[in-house]
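**Student:** A single structure is presented below for examination.
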Amino acid sequence: MCDEARCFREEQLSICVRYVVGLEVHERFMGFVNVSGGQDASSIVTAINNFFTLQQIDTKSLSIIAQSYDGASVMSGKLNGVQAKIKEIHPCAIYTHCMAHRLNLVVVDFCKNIKSARNVFNVLEAVYVHFSHPSNNLKLSEIQANLGLKKGNILRVCDIVDDQADKDVTRAIGILSSIQKCDFIIVITILKEVLCIINHQLLVSLKMLFLV
């Protein structure tokens, strides 16, 4: 099971394995591999094979029956994707679209198509943008200190807003007006209970908003 993630301008590939001992199923995180040098299917497969070689694991001697990635063409492509190239080595390795990624797609569609939910995420983004300015972030730190709260930062939920203009006052008034509305409070409370199960970053942002 592999997935790519960008961290500090590097493309990291996480590698996990699921295996059976007797009748017990075990799942283990093996490590990260830097694949910044190439994100095409051949480069990723080479990186995976090299990783297991470094771990002194001979994959050719193992009975690999499944592989799981996201739905990106470079990973899921039937002809030239990672799954196709892995099947050339391990014909029994059936590809499965990662259930966590499927769930993520469902959540994204849900949030896009329900107006009240979409509004919550837009407000969360506006809160992030507002406190991303150093002066506002300093005020947030002061408020947290005065309330005896542990210092925390508001995380970005999604890439929606890209506003460089200085409209702090207008933005703050608009945000305050939005988060004081009854429907916003109801929806964000529901989202907090439901989405915190699948998204830790979102949970942190929601908790910070309740403190703001």
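**Student:** Specify the residue that is surrounded by the fewest Cβ atoms within 10 Å (Cβ to Cβ); the eligible residues are those in the stretch 27-70 that are of a type in the set (Asp, Glu) and in contact with a strand residue (DSSP E or B) (Cβ under 7 Å, 6 or more places away or on another chain). Can you show your working first?
**Tutor:** Quick first cut of the stretch 27-70, residues of a type in the set (Asp, Glu) only: 27, 40, 58, 70.
Next, only the ones that are in contact with a strand residue (DSSP E or B) (Cβ under 7 Å, 6 or more places away or on another chain) stay: 27, 70.
Values: Glu27: 9, Asp70: 17.
Only one residue fits best here, namely Glu27.
**Student:** Counting just the residues of the stretch 1-16 that are surrounded by 13 or more Cβ atoms within 10 Å (Cβ to Cβ) and either among the polar types (S, T, N, Q) or at pLDDT below 80 (or both), which one comes out farthest from Ile64 (Cα to Cα)? Write out each step before concluding.
**Tutor:** Taking the stretch 1-16 first, the residues surrounded by 13 or more Cβ atoms within 10 Å (Cβ to Cβ) are 1-4, 11-16.
From what is left, the residues that are either among the polar types (S, T, N, Q) or at pLDDT below 80 (or both) are 12, 14.
Working: Gln12: 23, Ser14: 18 Å.
The extreme case among them is Gln12.
**Student:** Moving on. Would you check if there is a residue in the stretch 116-124 being under 19 Å from the mean Cα position of the chain (by Cα) and closer than 30 Å to Ser43 by Cα? Full working, then the answer.
**Tutor:** Within the stretch 116-124, the first condition is being under 19 Å from the mean Cα position of the chain (by Cα), and the residues that meet it are 117-118, 120-122, 124.
Filter once more, so that each one left must be closer than 30 Å to Ser43 by Cα: none.
Looking for residues that are under 19 Å from the mean Cα position of the chain (by Cα) and closer than 30 Å to Ser43 by Cα, one finds none in the stretch 116-124, hence no.
**Student:** Being modelled with pLDDT under 75 and open to solvent by 80 Å² or more (accessible area, probe 1.4 Å) is the filter; apply it to the stretch 172-197 and report the residue that is farthest from Lys139 (Cα to Cα).
**Tutor:** For the stretch 172-197, the residue satisfying everything is Ile197.
**Student:** Considering the stretch 17-26 alone, what residues qualify as being charged (D, E, K, R) and surrounded by 10 or more Cβ atoms within 10 Å (Cβ to Cβ)?
**Tutor:** We begin by selecting, within the stretch 17-26, every residue charged (D, E, K, R); these are 18, 24.
Arg18, the sole residue that qualifies.
**Student:** Can you pull out every residue in the stretch 111-124 that is over 14 Å from Phe184 (Cα atoms) and surrounded by 14 or more Cβ atoms within 10 Å (Cβ to Cβ)? Spell out the reasoning first.
**Tutor:** Just the residues of the stretch 111-124 that are over 14 Å from Phe184 (Cα atoms), to begin with: 112-113.
None - no residue of the stretch 111-124 is over 14 Å from Phe184 (Cα atoms) and surrounded by 14 or more Cβ atoms within 10 Å (Cβ to Cβ), so the list stays empty.
The values are calculated or read from the model by the stated rules, or taken from the named source; none is laboratory data. Computed from a prediction, not measured in an experiment: that's the story for all the values here. Using ideal geometry, Cβ is built from the backbone for each residue, glycine included, and neighbour counts are taken over all protein chains shown. Only protein heavy atoms, including side chains, enter the accessible area calculation; ligands, DNA and RNA are left aside. Shrake-Rupley method; radii C 1.70, N 1.55, O 1.52, S 1.80 Å.
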